[in-house]
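Peer 1: First the structure, then my questions, so here it is.
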Amino acid sequence: MRARALPAGESAVLVEVENGEQAQALHAEVERRRAAGELGAVTEVVPAARTVLVAGLADPRAFAADVVRWEVPPPATAAAGAVELSVRFDGPDLAEVAGMWGMSREGVVATVTGTAFRVAFCGFAPGFGYLTGLPPELAVPRRATPRTAVPPGSVGLAGPYAGVYPRASPGGWQIIGTTDAELWDPAREPAALLAPGTGVRFTAAR
């Protein structure tokens with residue numbers, strides 16, 4: 001893994017890697033070492049598309065020098081204990097996605113429900129997880145004209161990611177279905193249903 005470690009404030013380090021797969025692997029390794037007590041009193045670990053922020057380091061300079069030399073294994077497929085989301089595949093862009101994928105609507109449903117997704121990172125809105133797992137050749141572009149309002153629970157695709165809108169908001173993802181799952185509930189602990197590293201399985205609602 002090729003990495004670059006940059007200072008981020010007095011006690012944090014931002015580690016940049018080459019791609020999303022390496023970011024997921026590094027995030028998993030940081031969390032493993034954190035759980036093993038190897039990183040001291042780290043307060044927060046925040047993965048993104050190609051970075052991992054590690055905050056609360058007692059000696060950020062030492063960590064920065066060390067992390068770029070880590071041997072980081074690929075992240076395990078998070079299948080055990082995966083969150084299952086029941087989806088009605090009734091999205092307005094389902095037919096368009098089927099055309100881009102060169103398959104029927106039923107083929108899209110079978111592909112999505114047969115994929116073991118993993119939350120790479122969270123962002124955009126509270127509770128929104130960027131899910132990886134689809135093969136690279138199935139990446140789809142965002143809509144040329146974003147919708148001004150996407151209903152909560154909408155299941156969408158954009159680039160290499162899948163995701164579920166936790167609340168109504170503008171958005172340009174290709175919407176293929178809807179779920180009644182509560183992605184963000186401030187009264188729940190934790191409030192977010194999905195967290196980085198969580199496995200996700202979509203099932204077809206009956």
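Peer 1: At 0.36 nm per residue, and after removing the present C-alpha to C-alpha distance, how many nm does the segment from A149 to A125 gain when stretched out fully?
Peer 2: 7.3 nm
Peer 1: Still on this structure, I have one more. Report the full-extension gain for the segment A35 to E96: residue separation times 0.36 nm, less the Cα-Cα distance, to one decimal in nm.
Peer 2: 17.6 nm
Peer 1: Gain in length, N19 to E44, computed as 0.36 nm per residue apart minus the alpha-carbon separation, to one decimal in nm?
Peer 2: 6.9 nm
Peer 1: Here is a further query. Calculate, axis by axis, the spread of Cα positions in segment 83-204 along the three principal axes, and write the results as whole Å, longest axis first.
Peer 2: Sorted from largest, the Cα extents of segment 83-204 read 42, 30, 23 Å.
Peer 1: Sticking with this one: Defining a contact as two alpha carbons under 8 Å apart and six or more residues distant in sequence, what relative contact order in percent does segment 17-156 show?
Peer 2: 19 percent
Peer 1: Same structure, new question: Let me spell out the model: positive unit charges on the Cβ of Lys and Arg, negative unit charges on the Cβ of Asp and Glu, origin at the Cα centre of the chain. What dipole size does that give, in debye rounded to 20?
Peer 2: Roughly 280 debye, rounded to the nearest 20.
Peer 1: What net charge do the residues around G114 carry, taking every other residue with its C-beta under 15 Å from that of G114, with Lys and Arg at +1 and Asp and Glu at -1?
Peer 2: +1
Peer 1: Something else now. I need the phi-derived Karplus couplings for segment 184-201: 6.51 cos²θ - 1.76 cosθ + 1.60, θ = phi - 60°, integer Hz, Gly and Pro marked x.
Peer 2: 9, 9, x, 7, 9, 10, x, 5, 8, 5, 10, 9, x, x, 5, x, 9, 10
Peer 1: Measuring from label point to label point, each 7 Å out along Cα→Cβ, what is the A204 to R105 span in nm?
Peer 2: So the two model labels end up 1.1 nm from each other.
Peer 1: Continuing with this model, one more query. Residue by residue, what Karplus-based ³J(HN,Hα) values in Hz, rounded to whole numbers, does segment 118-127 have, using 6.51, -1.76 and 1.60 with θ = phi - 60° and x for Gly and Pro?
Peer 2: Residue by residue, segment 118-127 yields 9, 6, 7, 6, 10, x, 6, 8, x, x Hz.
Peer 1: Per residue of segment 133-143, in order, report the coupling 6.51 cos²θ - 1.76 cosθ + 1.60 (Karplus, θ = phi - 60°) as ³J(HN,Hα) in whole Hz, putting x for Gly and Pro.
Peer 2: With coefficients 6.51, -1.76 and 1.60, one gets x, 5, x, x, 5, 9, 4, 10, x, 5, 5 Hz.
Peer 1: Counting Lys +1, Arg +1, Asp -1, Glu -1, what net charge surrounds G127 among other residues with beta carbon under 9 Å of its beta carbon?
Peer 2: -1
Peer 1: Would you mind getting the Kirkwood hydrodynamic radius of the chain from its Cα pairs, rounded to one decimal in Å?
Peer 2: 18.0 Å
Peer 1: OK, next. Restricting attention to segment 1-94, which trypsin sites (Lys or Arg not before Pro) occupy a DSSP loop and are surrounded by at most 14 other Cβ atoms within 10 Å?
Peer 2: R2, R69
Peer 1: Could you tell me the distance between the Cα centroids of segment 125-181 and segment 1-60, to the nearest Å?
Peer 2: For segment 125-181 versus segment 1-60, the Cα centre distance is 27 Å.
Peer 1: Just add up the charged neighbours of E10: K/R +1, D/E -1, any other residue whose Cβ is under 13 Å from the Cβ of E10.
Peer 2: My count for the surroundings of E10 gives 0.
Peer 1: Looking at segment 86-173, which chymotrypsin sites (Phe, Trp or Tyr not before Pro) are DSSP coil and have at most 16 other C-beta atoms within 10 Å of their C-beta?
Peer 2: Listed in order of number, the matching sites are F124.
Peer 1: Taking the chain as a Gaussian network, Cα atoms linked when under 10 Å apart, which of T43, T179, T115 shows the biggest mean-square fluctuation?
Peer 2: Per the Cα network of the chain with a 10 Å cutoff, T43 tops the list.
Bear in mind these aren't lab numbers, they're just calculated from the coordinates by the rules spelled out. The shown structure was predicted, so the numbers you read here are calculated from the model rather than taken from an experiment. Cβ coordinates were reconstructed from backbone atoms using ideal geometry, including for glycine residues, and neighbour counts include every protein chain displayed.
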